[in-house]
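Undergrad: Okay, here's the structure, questions in a sec.
Each value in this text was obtained by applying a stated rule to the coordinates, not by laboratory testing. Every value quoted in this text rests on a predicted model; they were computed, and no experiment measured them. Quick reminder, even Gly has a Cβ in these numbers, built from the backbone with ideal geometry, and neighbours come from all protein chains shown.
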Amino acid sequence: MRREEFEHVIAAAAIVSGEPEIVVIGSQAIHGSVSSPPEGMLFSMEVDVYPLNAPEKAEEIDGSLGDGSQFHGTFGYYAHGVGPETAVAPAGWEGRLARVEIPARVGQAVKPVALCLEAHDLVLAKCVAGRERDWDFASEAVAARLVDSEELLRRVGDLPEPPADGGQVRKMLENILTRVLRRNDGSG
């Protein structure tokens with residue numbers, strides 16, 4: 001998802017919900033920390049969102065802008081309305097959200113704001129999800145040096161257990177870090 005598509009979804013979510021501050025917790029939250037993320041991190045065509053001050057309005061967003069909606073059919077990308085509980089990220093993630101002001105659309109009196117999971121928290125949330133595409137996302141972030149390996153490993157201890165398995169996340173991250181380091185120094 002390109003940056004302008006991301007901004008379009010956030011602006012539309014703000015209009016539908018009537019709430020200017022939209023929290024972004026899925027992979028496309030990378031737009032909050034990085035102005036030009038690597039292509040390998042932009043495959044998703046959905047933005048996982050909820051209004052900061054009215055999370056219950058995520059249902060309205062999902063209904064109007066979600067998978068299979070007219071918005072999705074018209075533009076080829078969509079919003080997925082979720083709740084705050086969907087984010088399985090290190091403790092304190094709410095205080096580290098990356099703020100992105102979105103250009104207001106015609107008729108919008110207030111500029112929308114995307115509040116995106118910070119890159120380290122995002123990578124760890126993807127690791128907890130544990131699907132192959134999530135590990136690929138984490139590998140891309142490490143290889144592109146968008147995250148600091150020591151900080152990632154430090155925050156593993158701040159993941160909520162359950163549902164996270166910190167030992168498994170740490171093991172997988174260490175494998176990624178070793179593989180990326182070998183690739184970067186030409187030995188693998």
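Undergrad: Tell me, what is the FRET efficiency for Glu39 and Asp165 to the nearest 0.05, using R0 = 35 angstrom and their Cβ-Cβ distance as r? Don't skip to the answer; put the middle values down first.
TA: Values: r = 30 Å, r/R0 = 0.86.
Efficiency for this residue pair is about 0.70.
Undergrad: Can I ask one more? Summing Lys, Arg as +1 and Asp, Glu as -1, what charge do residues with Cβ under 9 Å from the Cβ of Ser27 carry, Ser27 excluded?
TA: -1
Undergrad: Between region 82-146 and region 10-76, what is the separation of their alpha carbon centroids in Å?
TA: Cα centroid to Cα centroid, the span is 11 Å.
Undergrad: What residue among Glu39, Glu56, Glu101 shows peak mean-square fluctuation when the chain is described by a Gaussian network model with Cα springs under 10 Å?
TA: Of the options given, Glu39 has the highest mean-square fluctuation.
Undergrad: Now, a different point. Could you pull out the trypsin sites (Lys or Arg not before Pro) across region 111-172 that fall in loop regions by DSSP (anything but H, G, I, E, B) with no more than 14 other Cβ atoms inside 10 Å?
TA: Filter output for region 111-172: Arg131, Arg145.
Undergrad: Considering the dipole of region 119-185 built from charges on the beta carbon (Lys and Arg +1, Asp and Glu -1) around the Cα centre, which of Gly167, Val180, Leu146 is farthest to its positive end?
TA: Farthest towards the positive pole: Val180.
Undergrad: Once you wrap a convex hull around the alpha carbon atoms of region 1-68, what is its projected area averaged over all directions, in nm²? Walk me through the intermediate numbers first.
TA: Numbers: hull surface 17.1 nm².
The Cα convex hull of region 1-68, projected and averaged over all directions, gives 4.3 nm².
Undergrad: So, counting K/R as plus one and D/E as minus one, what does the shell of residues with Cβ under 12 Å around Glu46 add up to?
TA: Around Glu46, the surrounding residues sum to -4.
Undergrad: Follow-up. Would you list which lysines come within 21 Å of Lys171, measuring only between C-alpha atoms, while excluding same-chain residues fewer than 8 positions from it?
TA: Lys126
Undergrad: Name the residue, out of Gly40, Gly76, Gly107, whose mean-square fluctuation peaks in a Gaussian network model built on the chain with Cα pairs under 10 Å.
TA: Between Gly40, Gly76, Gly107, it is Gly107 that shows the largest mean-square fluctuation.
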